[in-house]
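To keep things clear, I will list the structure first and then write my remarks on it.
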Amino acid sequence: MSAIEEILAFQIKAAKLPIPEREYKFHPVRKWRSDFAWPDRLLLVEVEGGTWSGGRHTRGQGFANDCLKYNQAVIDGWRLLRFTSDQIKSGDALKIIENCIRIHSRG
């Protein structure tokens with residue numbers, strides 16, 4: 001787990017949100033995993049590292065692979081949220097996750 005993922009995990013716990021599964025294998029055949037998942041809510045959260053430093057997620061093949069992974073997750077019925085390190089550090093990611101969980105927890 002990356003340091004920024006640990007920050008988000010801490011924020012989620014501090015906000016008393018349901019605890020997500022980490023490194024959740026969401027696809028029955030591919031080895032795709034999501035950084036955070038709430039399977040009962042069909043919610044995946046991906047932390048996009050290296051957005052300003054040319055990390056794997058922003059380079060050609062890595063970006064293309066992520067597109068396949070993310071699109072398949074949506075096709076399979078998952079809701080997908082993606083966040084940069086800056087969005088996590090500012091608390092913006094947590095606010096969006098809170099809203100998503102609150103909205104989709106209604107009966």
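Consider segment 1-34. How many of its residues are in contact with a Phe, Trp or Tyr (Cβ under 6 Å, 6 or more places away or on another chain) and of a type in the set (A, V, I, L, M)?
Residues in segment 1-34 being in contact with a Phe, Trp or Tyr (Cβ under 6 Å, 6 or more places away or on another chain) and of a type in the set (A, V, I, L, M): 0 in total.
With the structure loaded, tell me whether LYS13 is part of a loop (DSSP other than H, G, I, E, B), open to solvent by 30 Å² or more (accessible area, probe 1.4 Å), modelled with pLDDT of 90 or more and not aliphatic (A, V, I, L, M) or whether it fails that test.
Taking the combined requirement at face value, the residue does not satisfy it.
When segment 36-51 is examined, which residues are found to be touching a Lys or Arg at 6+ places or on another chain (Cβ under 9 Å) and open to solvent by 20 Å² or more (accessible area, probe 1.4 Å)? Don't jump to the end; show me each part of the working.
Let us first name the residues in segment 36-51 that are touching a Lys or Arg at 6+ places or on another chain (Cβ under 9 Å), namely 36-37, 41-50.
Scanning segment 36-51 gives ARG41, LEU42, GLY49, GLY50.
When only residues in segment 70-86 that are in a helix (DSSP H, G or I) and over 12 Å from the mean Cα position of the chain (by Cα) count, which is surrounded by the most Cβ atoms within 10 Å (Cβ to Cβ)?
Start the filter on segment 70-86 by keeping residues that are in a helix (DSSP H, G or I), which leaves 70-75, 85-86.
Now restrict to residues that are over 12 Å from the mean Cα position of the chain (by Cα): 71-72, 74-75, 86.
Numbers: ASN71: 11, GLN72: 15, VAL74: 11, ILE75: 8, ASP86: 12.
Here the answer is GLN72.
Search segment 59-79 for residues that are over 18 Å from ALA37 (Cβ atoms) and pair each with any residue that is part of a helix (DSSP H, G or I) when their beta-carbon atoms are under 8 Å apart and the residues are at least 6 apart or on different chains.
GLY62/ARG56; PHE63/HIS57
The values are calculated or read from the model by the stated rules, or taken from the named source; none is laboratory data. Keep in mind that this is a model prediction, so the values were computed, not measured. Positions of Cβ are backbone-derived with ideal geometry, glycine not excepted, and every protein chain shown enters the neighbour counts. Keep in mind that these areas ignore ligands, DNA and RNA; they rest on the heavy atoms of the full protein, side chains included. Shrake-Rupley method; radii C 1.70, N 1.55, O 1.52, S 1.80 Å.
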